1. Can you tell me which of 208-215, 279-286 comes out highest on packing, and rank the rest after it, using the mean Cβ neighbours within 10 Å?
2. Using a Förster distance of 22 Å, how high is the FRET efficiency between Ile373 and Ser42, based on the Cβ-Cβ distance and rounded to 0.05?
3. Less than 17 Å from a label point 7 Å out along the Cα-to-Cβ axis of Met71: which backbone N atoms in region 85-105 qualify, by residue?
4. Once you charge only the Cβ atoms, +1 for Lys and Arg and -1 for Asp and Glu, what is the size of the charge dipole of the chain about its Cα centre, to the nearest 20 debye?
5. Taking the mean number of other Cβ atoms within 10 Å as a proxy for protection, how do you rank 130-140, 297-307 from highest to lowest?
6. Calculate one ³J(HN,Hα) per residue across region 352-363 by plugging θ = phi - 60° into the Karplus curve 6.51 cos²θ - 1.76 cosθ + 1.60, and present them in order as whole Hz with x for glycine and proline.
7. Where does each of 355-366, 58-69 land if you order them by average Cβ count within 10 Å, highest first?
8. Of the options Val319, Ile168, Ala30, report the single residue whose Cα projects farthest towards the positive end of the charge dipole of the chain (beta-carbon charges: Lys, Arg +1; Asp, Glu -1).
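What follows draws every value from the coordinates through simple rules; no lab data is involved. The structure presented is a predicted model; accordingly, all values stated were derived computationally and were not measured. Reconstructed Cβ throughout: ideal geometry from the backbone, glycine too, with neighbour counts over all protein chains shown.
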Amino acid sequence: MNALVKNKGYVTLMIAQTISSIGDWLSIVAVITLVGLKWDASPMEVSLIILCLALPMALFGPVAGTVADRMSRKALMITSDLVRAGLILFLTVADSLLIVYVCLFTVGAFSAIFIPAKNGKLKELVTDSNMKSAMAITSMIDSSTKVIGPLLSGILVSILGSQLVFMIDSGTFLLSALLIVFLPSALSTTNPMTGENDKPSFVKEFSQGVTYVKSNAQLLVGLFFLGISLLIVQLSDSQLIVLLRQLTDVSPDLFGYLVASSGIGMFLSGMILAKKTNYQAFSYMMLGVCGIGLSFGMMAVLTYYDIGFSIVWGPLFGVLAGFAVSFVFVPFQATVQVDTPVQMTGRVFGVINSVTTTATIIGPLLGGWLSTIIGVIPTFMMTASLLVLLSVAGFLKKSKRKWRKRDVSKSQQGTHGETTSEHT
């Protein structure tokens, strides 16, 4: 931890991330307020706002990761911030949904470039021994802005209006770009894959990234469980407000408390993971998946029996769910950062972001369909059951791998013993 605090480059990057994350919340709330309230958009038109931001990440993630590995990550981050600042500012004069959608889709495309470039830069700035703590702190920042961002944006939009909030958000991107200017440049322009200064073609670098991901069994297994668990979580997470409507006596502020409490839970687990770094990533991931399942299941059961005091038990399970979420994401991403060569970081995280974003797009659609067909409480119960089963399957797979390694070790010892006796 002390080494990270003394690392000026890392601290600068984290400050830039904090400012940019708060800015993201400002624009999302302002756009939804503008389109949903002032323009009286339909539910589908409002849903397309989130889709326009998420779709570029799913579509362009691996390609954007390759770009982040080929070019100066610092320059890409600055360019991405400047372009997004201009696009958000353009929203102040937008007078149609089409213009809003085009602006947000382009913002999403440049965010798809920014994220793998940021992760690659993080790999350049932080040593492997401090990477787990660094990723935990990154998670704490994300969870803090999840609590502060919506609250601040709601206040600013109500006081200043959407247009002025767009201007403030544009300013956050400019400030982030200014901070990134002070980051150190890459240490070397030599490509470790070739040992030369001449880079291979874009297609070749892209294929190298795909080959690396496919050949790394640990990465593939972790990514599979991450993607599947996130897809299952989204079945119910997107229907949380519908679940709360089933309660007879429910506070209108309960949903806001749940979102805030999940952010608090993520922050608390981030603090623990920042200090305790000698963990087994896959075990923590499975514990996290199980924890999310238990919290969703208990909320469904208490809602089914219409238990009172939801203002108390709702946020408590929100804290548990947020706490468990960090146990899924932080250990996986930290392990990937440590194990991935610095020249491959952008491509690997491009693939990861593509998988996770695809899950967050498909999951809510399936969740809405399931809630319509079988009801929201059965959907939550199914989600909880699948998550617990997935965690059990993960632990069984890990146990099977341990036994296999032990058997191989015994076999090698036996072979060695036979060879020794023959020579004696």
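1. Order by mean packing, descending: 279-286, 208-215.
2. For R0 = 22 Å, the calculated efficiency reads 0.50.
3. 85-87
4. 1220
5. 130-140, 297-307
6. 4, 5, 5, 5, 5, 5, 4, 5, 6, 8, 6, x
7. Result, highest mean first: 58-69, 355-366.
8. Value computed over the given set: Val319.
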